[in-house]
1. From LEU59, LEU133, LEU122, LEU129, which residue is of a type in the set (A, V, I, L, M, F, W, C) and within 19 Å of the chain's Cα centre (by Cα)?
2. Condition first: surrounded by 12 or more Cβ atoms within 10 Å (Cβ to Cβ) and either over 30 Å from TYR95 (Cα atoms) or among the aliphatic types (A, V, I, L, M) (or both). Now tell me which residues in the stretch 27-44 satisfy that.
Amino acid sequence: MTKNCSGCKEQLPTDAFGMQTGTKDGLNRRCKDCMNKANRATQAKDPDRFHNQRRTSWLKRNYNITPADYDKIEKDQGGKCGICGSDFKGTNRGYWCVDHCHNSGKVRGLLCGTCNKALGQLGDTKEALQRALKYLDTH
């Protein structure tokens with residue numbers, strides 16, 4: 001089956017179109033390529049708005065917090081890493097890593113990239129951290 005794209009005006013296979021509820025055929029009126037071009041153009045016009053929307057949904061989806069919650073944690077920590085106290089975030093996006101319990105999902109605080117990686121490498125367990133401390137003491 002084929003469908004005419006209202007963007008590029010080409011007759012394309014239906015698998016070239018994204019799904020859209022509320023249309024007779026259940027498909028978007030523009031092909032995926034035309035939709036991607038339109039989305040990139042919209043993002044280019046207002047990159048800050050797009051970035052803020054993505055950040056908000058990412059924080060909510062992954063940690064169940066809002067940007068305001070994140071900002072409050074950062075303020076409570078004095079704008080420093082919760083472990084080493086550095087003010088260097090150490091991430092390529094300029095944000096702190098959100099440290100959370102992988103079992104409960106509860107956010108513990110904000111960490112620099114180095115401390116976040118260190119905790120992750122130690123499996124987020126007190127036992128592994130104590131073994132690392134014992135090792136450092138003996139060597």
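Throughout, read-outs are computed from the coordinates displayed, never taken from laboratory work. Note that the structure is a prediction, hence the values are computed from the model and not measured. Every residue, glycine among them, receives a Cβ derived from its backbone with ideal geometry; neighbour counts consider all protein chains shown.
1. Details: LEU133 fails: within 19 Å of the chain's Cα centre (by Cα); LEU122 fails: within 19 Å of the chain's Cα centre (by Cα); LEU129 fails: within 19 Å of the chain's Cα centre (by Cα).
The match here is LEU59.
2. Hits for the stretch 27-44 are LEU27, ASN28, ARG29, ARG30, CYS31, LYS32, ASP33, CYS34, MET35, ALA38.
Yes/no per residue for (1) touching a residue at least 24 places away in the same chain (Cβ under 8 Å); (2) closer than 30 Å to CYS8 by Cα; (3) among the charged types (D, E, K, R):
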{"position": "THR42", "(1), (2), (3)": "no, yes, no"}
{"position": "LYS45", "(1), (2), (3)": "no, yes, yes"}
{"position": "PRO67", "(1), (2), (3)": "no, no, no"}
{"position": "GLN77", "(1), (2), (3)": "yes, no, no"}
{"position": "HIS102", "(1), (2), (3)": "no, no, no"}
{"position": "LYS117", "(1), (2), (3)": "no, no, yes"}
{"position": "LEU122", "(1), (2), (3)": "no, no, no"}
{"position": "LYS126", "(1), (2), (3)": "no, no, yes"}
{"position": "ARG131", "(1), (2), (3)": "no, no, yes"}
